[in-house]
1. Could you name the lysines whose alpha carbon sits less than 21 Å from that of LYS77, not counting residues in the same chain fewer than 8 places away?
2. First select every other residue whose beta carbon is under 10 angstrom from the beta carbon of VAL123; then total the charges, Lys and Arg +1, Asp and Glu -1.
3. Find the relative contact order for segment 31-75 and round it to a whole percent, using C-alpha pairs within less than 8 Å whose residues are 6+ positions apart.
4. Below 8 Å, C-alpha to C-alpha, sequence gap of six or more: please give me the relative contact order for segment 58-152 in percent.
Amino acid sequence: STLSPSMRCTWSNRFVITEYRPGTYIYLDRYQVAKGVGGLNDCALTVLATVVSHPTATRAILDSGSKALSSDTLGLKDFGELMGIPGALVTGLSEEHGTVTLSGDGKLRIGERVRVVPDHCCVVTNLFDQVHLIDGDKVLETLPVAARGRMG
């Protein structure tokens with residue numbers, strides 16, 4: 001696996017550091033992809049969302065907004081990217097809904113479930129009580145998020 005940029009720098013100073021919390025290392029996210037750490041398919045954390053509306057050919061609405069994806073973009077222009085649908089970006093958020101802008105050949109159906117790679121996985125993890133470990137569509141295990149709500 002690939003180390004996050006700050007973890008790489010720290011590893012060379014391993015005899016000086018007494019504790020390190022690698023953060024995004026176990027998941028990766030769109031911010032790390034933008035930094036060249038890996039590709040979108042290397043991101044282990046996704047949010048499962050449902051298409052609830054498709055008002056135009058280039059716009060769809062998901063049932064996941066800032067309470068699921070976070071509005072923390074780390075400087076990226078969008079809030080997430082749909083896996084397996086080229087050019088499908090979450091370009092707007094309300095608390096409960098996300099707006100997807102589609103470019104290219106991406107087509108979505110109302111009721112379709114999609115996986116969204118968030119911009120900042122650290123914040124998103126803290127928004128949920130549990131995570132599901134999956135392989136394709138099969139749930140292998142469900143684990144609690146022990147630090148849920150314990151920021152600050």
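Every number in this text was worked out from the coordinates using simple rules, so none of it is lab data. These numbers come from a predicted model, not from an experiment. Because the Cβ atoms are built from the backbone with ideal geometry, glycine has one as well, and the counts that use them run over all protein chains shown.
1. The reachable lysines, counting only those whose Cα sits under 21 Å from LYS77, are LYS35, LYS67.
2. Working: positive: none; negative: ASP29, ASP72, ASP119.
Once all neighbours under 10 Å are counted, the net charge is -3.
3. Taking the mean separation of contacting Cα pairs over the length of segment 31-75, I get 29 percent.
4. 26
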